[in-house]
Ligand code: GRF
């Protein structure tokens, strides 16, 4: 069974979705540890309550990005993970860190990449007047919110939406697609083909568009 380490910075609802999928027998991984860069991250307590080793490494205690990333990598590597899962980890990672975990570092981003990399994605989607928004799980490259796409879910943008309702609709889909992406990795179904992710033969039609309920 593959070993994963989850990195968080706050609430940790995507982490919870991964734990719930594991507990339901739908995600065959060992969650070796959860690590936060913020000591006060609510998700740390959730992880500890679930019996998972939970650590924090406060980025503020380090002089710079490289030294923090080096300490973080040392902690992560102590758990010998097959996959490192960024779940609301609000740090820009150094190139060296990303290269160290090439092909085994996943992120979830609350937009349909390559649209809206960076922060405030829901506000920007509303400002731009897009009719379809969503979320993306991708392998991480040194460019922020960029890399081979593993799975995306699209949601409609309603006239009645504000930032909170749109964020909620997208988050429900995040909680569906992240366990799915990690499961594919755990089952060795993901292959990198140039800049694209291919799914193993039984899922050869590839692209997954989840048609969500509208709320
Ligand atoms: C999610 O929207 C995720 O896509 C983004 O940050 C948020 C984290 O939420 N990267 P949570 O901590 O998983 O609840």
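No lab work stands behind these numbers, since they all come straight from the coordinates. Remember, it's a predicted structure, so these values are computed and weren't measured experimentally. Note that each Cβ is placed from the backbone with ideal geometry, even for glycine, and that neighbours are counted across all protein chains shown.
The table that follows gives values for the structure above.
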{"item": "Backbone N within the range 12-37 under 13 Å of label point (7 Å from residue 45 Cα along the Cβ vector)", "result": "12"}
{"item": "Mean Cα-pair separation over length for the chain, i.e. relative contact order, pairs under 8 Å, 6 or more apart, %", "result": "19"}
{"item": "Burial ordering of 49, 2, fewest other beta-carbon atoms within 10 Å first", "result": "49, 2"}
{"item": "Selected from 85, 149, 98 as most flexible by GNM, with the chain as the system and alpha-carbon contacts under 10 Å", "result": "98"}
{"item": "Point-to-point label distance, residue 193-residue 71, nm (Cα→Cβ direction, 7 Å offset)", "result": "4.3"}
{"item": "Whole-number percent relative contact order across the range 108-215, with pairs defined as alpha carbons under 8 Å at least 6 apart", "result": "26"}
{"item": "Fraction of alpha-carbon pairs over 24 Å apart in the range 1-143 - percent", "result": "32"}
{"item": "Computed helical MRE - 222 nm, the chain, DSSP H runs ≥ 4 contributing -39500 (n - 2.57), nearest 500", "result": "-10000 deg cm²/dmol"}
{"item": "Prolate/oblate/rounded label for the range 27-96 (Cα gyration tensor, a/c 1.5)", "result": "oblate"}
{"item": "Ranked 161, 193, criterion: other C-beta atoms within 10 Å, fewest first", "result": "193, 161"}
{"item": "Candidates 138, 146, 120, ranked by Gaussian network fluctuation over the chain, Cα under 10 Å, top entry", "result": "120"}
{"item": "DSSP-defined beta bridges in the chain - what % are antiparallel, rounded to 5", "result": "45"}
